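Scroll down for the structure; my scribbles are underneath it.
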Amino acid sequence: MMLQPYRRLRRRFPRIRCGGEKGRFKILFIGDRPVDLPTGEAQLMDVSRGGTCIVTDLRLPVHLPTVLRLQFQLQGREFDVCARVVWGRREDHGRFRYGLRFWGSSPQCLDAFHRNLDAIRIDLLA
């Protein structure tokens with residue numbers, strides 16, 4: 001898929017359009033309870049330093065704090081982050097779109113994540 005930066009948006013964290021790159025996620029917590037559920041598949045629609053937007057066939061709880069581990073690859077770089085579901089809506093054909101905010105990573109992991117993402121943005125703008 002072709003990655004593209006969003007250009008004319010005034011956002012705290014500029015987004016990179018992912019065009020449906022595939023990723024995998026595992027729900028870790030629903031509310032304050034740990035859960036052991038199978039891994040799900042998602043398409044990444046965009047990603048920024050603050051979070052990502054995904055589309056999946058699975059319905060995730062949005063009324064309770066839901067934390068998941070998301071793994072994906074962009075331009076040959078591996079990403080493995082925790083995120084919290086902040087919003088969701090039903091799409092056509094029984095799919096669901098969710099906004100995720102990156103959450104709970106150590107400062108060192110978050111810094112490495114930001115460096116990799118910034119490198120991708122620089123490559124795309126060049």
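Derivation of every value follows stated rules applied to the coordinates shown; laboratory data play no part. All figures in this text were calculated on a predicted structure; none of them were measured in a lab. Here the Cβ positions follow ideal geometry from the backbone for every residue, glycine too, while neighbour counts run over all protein chains shown.
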(Q) Calculate the FRET efficiency for Cys109 and Val35 from the Cβ-Cβ distance with a Förster distance of 25 Å, rounded to the nearest 0.05. (A) 0.65
Q: Please identify, among Val86, Val62, Val35, the residue showing maximal mean-square fluctuation in a Gaussian network model of the chain using a 10 angstrom Cα cutoff.
A: Val35
Q) In degrees between 0 and 90, to the nearest 10, how far off the longest principal axis of the chain does helix 107-125 point, with axes built from Cα atoms? A) 50 degrees
Q: Per DSSP H run of at least 4 residues, take -39500 (n - 2.57); add these up for the chain, divide by its residues and hand me the 222 nm value, nearest 500 deg cm²/dmol.
A: -5000 deg cm²/dmol
Q | Check: the chain dipole with +1 on Lys, Arg Cβ and -1 on Asp, Glu Cβ, in debye | A | 560 debye
Q. What is the order of Asp32, Asp92, fewest Cβ neighbours within 10 Å to most?
A. Asp92, Asp32
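Within a Cβ distance under 9 Å of Asp46, other residues only, what is the Lys/Arg minus Asp/Glu net charge?
Overall, the nearby charge balance is +2.
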Q: For the chain, set up a Gaussian network in which alpha carbons nearer than 10 Å are linked by springs, and say which option among Arg95, Arg17, Arg49 fluctuates the most.
A: Arg95
**Q.** Among (1) 1.34; (2) 1.77; (3) 1.03, the entry that matches Cα Rg over 2.2 N^0.38 Å as calculated here
**A.** (3)
Q.
Using Cβ counts within 10 Å as a stand-in for footprinting exposure, how do Ile54, Ile30 rank, fewest first?
A. Ile30, Ile54
